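Please treat every number below as a calculation from the coordinates, not as lab data. Bear in mind the structure is a predicted one, so any value in this text is a computation, not a measurement. Cβ atoms come from the backbone with ideal geometry, glycine included; neighbour counts cover every protein chain shown.
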């Protein structure tokens, strides 16, 4: 099968994403209303569009930091081996942390990241994921807040890529490969 021969079917519209991001931000702002400064930790690269939109909607003082992990490479399946490619710049001990993830699939990456960050003794640590694919879960991990639950389909758009393509789509699309 030629992995360059595919079409993208819209799964979640830009309008639906914007409305959900606004609702998530309101819930998160209420949850952390007593914090003096929330540290929002984006998991690169897939979450960069989501985190940008989410922090603009938060009604709280916050700073943004990033972790970059790798478990996919250019593949469609997770290797289940999570590597940290870029660590946080700041200290998080005693701070309120919101991890922002693009998609929770097998759960291996998120479980690894939560373990790593909890070992640094944050005051609170919560997770917001744009997408959740519970049918693919292999480890017991769950985001505190989820934008959308999706079926077991390979998706792109709104920051999420396939082989570094399609991150710039304003919507979430399902990739459908065309047989030669």
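Simple spin-label estimate for residue 137 and residue 57 gives 2.3 nm between the two label positions (7 Å along the Cα-to-Cβ direction from each Cα). What is the helix-to-structure angle for 48-57, meaning the angle in degrees between its Cα long axis and the longest Cα principal axis of the chain, kept from 0 to 90 and rounded to the nearest 10? Long axis of 48-57 versus the principal axis of the chain: about 40 degrees. Springs join every pair of Cα atoms under 10 Å in this Gaussian network model of the chain, and among 147, 157, 90 the largest mean-square fluctuation is at 90. Summarising the label geometry, the points placed 7 Å from Cα in the beta-carbon direction at residue 116 and residue 64 lie 1.9 nm from one another.
Rounded to the nearest 10 degrees, the angle from helix 108-118 to the longest Cα principal axis of the chain is 10 degrees. The gain in end-to-end length when the residue 123 to residue 177 segment is fully stretched comes to 15.0 nm, 0.36 nm per residue minus the alpha carbon separation. Backbone N atoms of the stretch 42-57 closer than 19 Å to the 7 Å Cα→Cβ label point of residue 164 belong to residues 44-49. Going out from 0 in 5 Å bins, what whole percent of all Cα-Cα distances in the stretch 115-180 drops into each bin? Values per bin, smallest distances first: 4, 13, 18, 20, 18, 13, 9, 3, 1, 1, 0. Summarising the label geometry, the points placed 7 Å from Cα in the beta-carbon direction at residue 27 and residue 15 lie 2.2 nm from one another.
In the chain, helical runs assigned H by DSSP with n ≥ 4 each contribute -39500 (n - 2.57); averaged across all residues and rounded to the nearest 500, the mean residue ellipticity at 222 nm is -7000 deg cm²/dmol. Seen through its C-alpha gyration tensor, with square-root eigenvalues sorted a ≥ b ≥ c, the stretch 14-152 comes out oblate because a/c lies at 1.5 or above while a/b is not bigger than b/c. Compared with the dominant Cα axis of the chain, that is its longest principal axis, helix 14-31 is turned about 20°.
Our note on the geometry: Cα centres of the stretch 105-122 and the stretch 56-70, 16 Å apart. With contacts taken as Cα pairs under 8 Å at a separation of at least 6 residues, the chain carries a relative contact order of 27 percent.
The packing ranking of peptides 38-51, 14-27, highest mean first, is 38-51, 14-27, where packing means the average number of other beta carbon atoms within 10 angstrom of each residue. Can you tell me what share of the DSSP beta bridges in the chain is antiparallel? A percent to the nearest 5 is fine. Counting DSSP beta bridges with both partners in the chain, the antiparallel share is about 35 percent.
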